[in-house]
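Enquirer: Below is the structure I would like to discuss, written out as structure tokens.
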Amino acid sequence: MEPILEITNLRKEYEGFTLKDITLTLQKGYIMGFIGPNGAGKSTTIKLVLNLINRDGGRIKVFGMDNIKYETQIKNRIGFVLDENFFYDEITVKEMKNIIASFYKRWDDKAFDKYMRKFELPYSKKIKELSKGMKMKFSLAAALSHNAELLILDEPTSGLDPVVRREFIDILSDVIQDENKAIFFSTHITSDLDKIADYVTFINNGEIVFSNAKDEILENYGLVKGSNELINDNNKGVFIGLREYGYGFEALVKDKRQARKVFGDKILIEKPTLEDIMVYYTRGN
Amino acid sequence: MNIIISNLSEQPIYEQIAAQIKDSIIKGELKEAEMLPSIRSLANELKISVITTKRAYEELERDGYITTVPGKGSYVAAQNRELLKESRMRIVEEKLIEAVSAAKTIGLTLDEVFEMLKLFYEEDV
Amino acid sequence: MLNLVMKDIIVQKKSIAFAVLYIFFFIVAFQSVGEMTFTCAITAFSYILVMGGFAYDDKNKADIMLNSLPLKRYNIVLAKYISLFVFMTLGTLVYFILELVLRSTGFSFIKTYPITIESFTGAIFAVSIMHSFCLPIIFKFGYTKAKVINFVIFFAFFFGVSQLINYIYAKRNVGFAGKAFAFFENKPDYLIALAIIAAAALLLLISYMISLRVYKKREF
């Protein structure tokens, strides 16, 4: 089945930073979390998909179509929430909505109204009078009100409190009930994804570290804890990142069964969170 | 049907789900031909990945506990007699073990326990 | 695409109201300018509102949102050129009404000058030249950076063009200028007006094509 989003060997060069060999695939019906530390290349990748910047190599296909050649058709079917709100501060929510709605072929005012009421957003307030959370909710409402099949979210929850973040995740969970939709969600707040992501792609320093089913990742990676005497130069290689403390060590392993074989019963192996994985890959030792 | 998932357990989540559904079926809480929630709505309710629920259902189907009809959903499969008998036997065993250890605590002899068993069996409770 | 022009109007609701007062101020304050009051008023009016549209886009980083919408980049560029005409028409209407009202209500101490073919043609020409230069620069560098450059152009335009016209007029019997003058000397007014408007249109077209080219390459 044709993926809803397919990125192949994407490349973008800047002075001092290069995004390279970015390859990932998302099928409809699933949520993919796109994680990585700040500056890893998440926003750059998304901007390349939205054709806000020009690529230096590779291919991007959305709904099976080239993202530059069929740009407007594709964008009609994409809902986006970006990390800052880029709306006109000086006008009201209603006026802004009317502007946005005028560009989409399949705008659904009833759906928008439903979300406005669900989020308790006022039509008559000016955009600049809204809190950060309300602005994001407005953005999300608009993204969900034109029958979009692919949702692209670029750090939509950064700067929001946990309560709002949870509400946001709940809404995404409801959206993905429709197996014809897909969600591409970039964030560095991985706790949002620990539960509902189906797939996770981890990017660091402009390159993909892994792109897999979240369950597989969390079932295979392990957080290993034990006493410092257990480590020697021979078995260190199995660790991705190691932290030695005064009273023991903690390390990340890619294959916990293998770690169990190497160290036997002398170690404690725990299930890592996506944050653990991200931190260990990024900071290492 | 109750499904309680532990995030901290060693056991993968899909296994936990499959095990709990199997249990419900064996205990008779889920009846034959009863429809299970769709993998998506189950994932939504439990706030987990749909891949996980899919895997759980696949295991249940492989082991013969449910059947999935594409486009319609998943149903509790007709359980064969052997399986049922086996599981019932397990329940009897469990109960007996319970009764025996309770009897031992208050110091009943084997004969006294046997008398009680005979009474209840013949009484057609 | 007209919704983009509407967007520029809605976002600047307040400015438009002020701009209307501005025209009134112009009519009253620049009575000595005579016929060309209209030209100056309209040029300023259009310029302020077109630039205002860019200013709001820039302030809110709207380029990013607009380019994420199902909208081709040429629409964004074209809409700004169309807004130019929309604002010019609006300004003309306002001037016409204000002038009419002032004239007929007998405020004889305010000398008003109705729109003439000369002043109207002059307005179209002035507006076209100014924006033909300013717009591509804004599309290439973004409004904030372009402001400085445009400022320089604005002044160069105001002083430079009048010098240029004086120079051409002085040399009107000689060379190219001489031939051009001889050609137009006996032609009816409307033909001259048409020629000037055609030149303005050509200038805007070239400007549009340059704007489109640089905006297409822009990265956000």
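Enquirer: Just checking, which of C:Leu78, C:Leu4 is out of contact with any strand residue (DSSP E or B) (no Cβ under 6 Å at 6 or more places or on another chain) and either more than 14 Å from chain A (Cβ to nearest Cβ) or surrounded by fewer than 17 Cβ atoms within 10 Å (Cβ to Cβ) (or both)?
Expert: Just one listed residue meets the conditions, C:Leu78.
Matching residues to (1) within 20 Å of A:Gly36 (Cβ to Cβ); (2) within 14 Å of another protein chain (Cβ to nearest Cβ):
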{"position": "A:Ile196", "(1), (2)": "yes, yes"}
{"position": "A:Tyr199", "(1), (2)": "yes, yes"}
{"position": "A:Phe202", "(1), (2)": "yes, no"}
{"position": "A:Ala213", "(1), (2)": "yes, yes"}
{"position": "A:Ser227", "(1), (2)": "no, no"}
{"position": "A:Arg243", "(1), (2)": "no, no"}
{"position": "A:Gly248", "(1), (2)": "no, no"}
{"position": "A:Arg257", "(1), (2)": "no, yes"}
{"position": "A:Phe263", "(1), (2)": "no, no"}
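Enquirer: Does at least one position in the range A:85-94 carry a residue that is β-branched (Val, Ile, Thr), away from every other protein chain (no Cβ under 11 Å) and over 20 Å from A:Ile203 (Cα atoms)?
Expert: Among the residues of the range A:85-94, at least one is β-branched (Val, Ile, Thr), away from every other protein chain (no Cβ under 11 Å) and over 20 Å from A:Ile203 (Cα atoms), which makes the answer yes.
Enquirer: Can you tell me which residues in the range A:32-62 are closer than 20 Å to A:Tyr199 by Cα and either part of a strand (DSSP E or B) or among the charged types (D, E, K, R) (or both)?
Expert: A:Met32, A:Gly33, A:Phe34, A:Ile35, A:Lys42, A:Ile60, A:Lys61, A:Val62
Enquirer: Now a separate question. Among the residues of the range A:153-190 satisfying the criterion of being within 23 Å of A:Leu24 (Cα to Cα) and loosely packed, with under 15 Cβ neighbours inside 10 Å, which is farthest from the other protein chains (Cβ to nearest Cβ)?
Expert: Among residues in the range A:153-190 that are within 23 Å of A:Leu24 (Cα to Cα) and loosely packed, with under 15 Cβ neighbours inside 10 Å, the one farthest from the other protein chains (Cβ to nearest Cβ) is A:Asn180.
Enquirer: Mind listing whichever residues of the range C:115-156 are under 19 Å from C:Asp58 (Cβ atoms) and either among the hydroxyl-bearing types (Ser, Thr, Tyr) or in contact with a strand residue (DSSP E or B) (Cβ under 7 Å, 6 or more places away or on another chain) (or both)?
Expert: Selection gives C:Tyr143, C:Thr144.
Enquirer: Also, quick follow-up: All but one of (1) under 22 Å from A:Ile203 (Cβ atoms); (2) not in a helix (DSSP H, G or I) hold for A:Gly29, so report the exception by its number.
Expert: Condition not satisfied by A:Gly29: (1).
Enquirer: I've got another one for you. Inside the range A:55-75, can you point out the residues that are facing another protein chain (nearest Cβ under 8 Å) and either under 29 Å from A:Glu129 (Cα atoms) or in contact (Cβ under 8 Å) with a residue 40 or more places away in the chain (or both)?
Expert: Result: A:Lys75, single match.
Enquirer: Just one of the numbered conditions (1) surrounded by fewer than 19 Cβ atoms within 10 Å (Cβ to Cβ); (2) in contact (Cβ under 8 Å) with a residue 24 or more places away in the chain is not true of A:Ile78; which one?
Expert: Of (1) surrounded by fewer than 19 Cβ atoms within 10 Å (Cβ to Cβ); (2) in contact (Cβ under 8 Å) with a residue 24 or more places away in the chain, only one is false for A:Ile78: (1).
Enquirer: I need every pair where a residue in the range A:15-41 that is within 14 Å of another protein chain (Cβ to nearest Cβ) has its Cβ under 8 Å from the Cβ of a residue that is β-branched (Val, Ile, Thr) and part of a loop (DSSP other than H, G, I, E, B), sequence separation at least 6 or different chains.
Expert: A:Leu26/A:Ile4; A:Gln27/A:Ile4; A:Lys28/A:Ile4; A:Gly29/A:Ile176; A:Tyr30/A:Ile176; A:Ile31/A:Ile176; A:Gly33/A:Thr190
Each row is one residue, and each column tells you yes or no for (1) touching a Ser or Thr at 6+ places or on another chain (Cβ under 7 Å); (2) of a type in the set (D, E, K, R); (3) more than 14 Å from chain C (Cβ to nearest Cβ).
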residue: A:Lys97; (1), (2), (3): no, yes, no
residue: A:Ile100; (1), (2), (3): no, no, no
residue: A:Tyr115; (1), (2), (3): yes, no, yes
residue: A:Lys118; (1), (2), (3): no, yes, yes
residue: A:Pro122; (1), (2), (3): no, no, yes
residue: A:Gly133; (1), (2), (3): no, no, yes
residue: A:Lys137; (1), (2), (3): no, yes, yes
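Quick note: the coordinates plus some simple rules give every number you see, no bench work behind them. This is a predicted model, so every value here is computed, not measured. Methodologically, a virtual Cβ is constructed for each residue, glycine included, from the backbone with ideal geometry; neighbour enumeration extends over all protein chains shown.
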